[in-house]
Amino acid sequence: MYSDLTFGHDDELIDELRDLDYDQDDYGLAEHDFRDLNFDDDSDGGADIILDVPYVPTDEKIVQAMLDLAEVSSKDVLYDLGCGDGRIVVAAAAERNARGVGIDIDPMRITEAIEYAAHTRVEYLTHFFEGDLLEADFSQATVVTLYLLDLVNLQLRPRLLDELRPGTRIVSHSFNMGDWKADQRQDFSGISLYKWIVPAKVAGTWQWQASSGETYRVELKQKYQKVTGRAWIDQQPALLTSALLQGDLLELILSQDTNSRPARFLMRCQAKQLLAAEGDLQATPALKITRA
Ligand SMILES: C[S@@+](CC[C@H](N)C(=O)[O-])C[C@H]1O[C@@H](n2cnc3c(N)ncnc32)[C@H](O)[C@@H]1O
């Protein structure tokens, strides 16, 4: 079945796409035989297009699972990077009323996507354009969907972390993101879906006043969404028993020592401050006093 494929890129990566154990009956790939795969796409009959990822559409059932995992709603702006025939963007618009943008380097795919959106009567919610996903501006997304390859995800990773707003959800079909571990993973008949929530940048030393009058200080280190650190209460070393970051929300649990009652602060990272997001325990925003 794959014998006549011609690939211009690392064969190991392609094996990952080949190895996706699709069952044609389950996933309706009959019309999208892998024999179509070709990185050097000349489907427009003109200039040779070098694809970073071959065209393999996501099965409709998996599209639904991706939208569910991303919790797409009418408040969202979904970007599908390498959008193919636009099915993810169109489904998000048609079924969730979400706005969507699809970017693909192959003009034939963009033509198909625009036609599909028109046929489904969701043109007013969707926008498709020809472009290189590695260079396109996707900073306005609240949800990003990917069906690329590990290596392409890794190339995108620094931009996803730097340019997307904290809290933006990223859902990837089949491929992960290296040592940026997913916040959630779901498996469907051998297909894995991964979800990440873009974390705020919280590394550094922060100080705030509690309503009890005490001065709290934490020195936080961060690797993606994982936060560790040290704490002081009124200049005395204290215990930071838990530091959890999800998007722009940071929960810190601190206590003076093992015998004292822990204080829990839920803070929202906003405009370079950590603002109280719950309760009245925190009297002032936490401000950064040095860089990590
Ligand atoms: C595996 S398909 C996924 C299609 C669609 N997202 C889906 O899930 O049904 C990958 C898509 O990425 C596109 N693509 C490959 N390299 C690209 C690049 N550098 N910039 C934009 N699109 C690219 C291909 O043309 C193809 O349509």
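Only the coordinates and a few stated rules stand behind these numbers; no lab work does. Just so it is clear, the model here is predicted, and its values are computed rather than measured. Backbone-built Cβ (ideal geometry, glycine too); neighbour counts: all protein chains shown.
Overview of values
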| read-out | value |
| --- | --- |
| Relative contact order computed over the stretch 81-181 (Cα-Cα under 8 Å; 6+ residues apart), in percent | 26 |
| Potential lengthening between L239 and Q184 on full extension [0.36 nm per residue; Cα-Cα distance subtracted] | 16.9 nm |
| Anchor K226: lysines whose Cα lies under 26 Å away (excluding residues fewer than 8 positions away in-chain) | K181, K195, K201, K272, K288 |
| The stretch 59-126 and the stretch 269-292: distance between their alpha carbon centers, rounded to Å | 37 |
| K221-D132 FRET efficiency (beta carbon distance; Förster radius 25 Å; 0.05 resolution) | 0.15 |
| Exposure proxy ranking, count of Cβ atoms within 10 Å, fewest first, for M177, M108, M267 | M108, M177, M267 |
| Summed side-chain charge close to D248 - residues other than D248 whose Cβ falls under 9 Å, Lys, Arg +1, Asp, Glu -1 | +2 |
| Order of C269, C83 under a 10 Å beta carbon neighbour criterion, fewest first | C269, C83 |
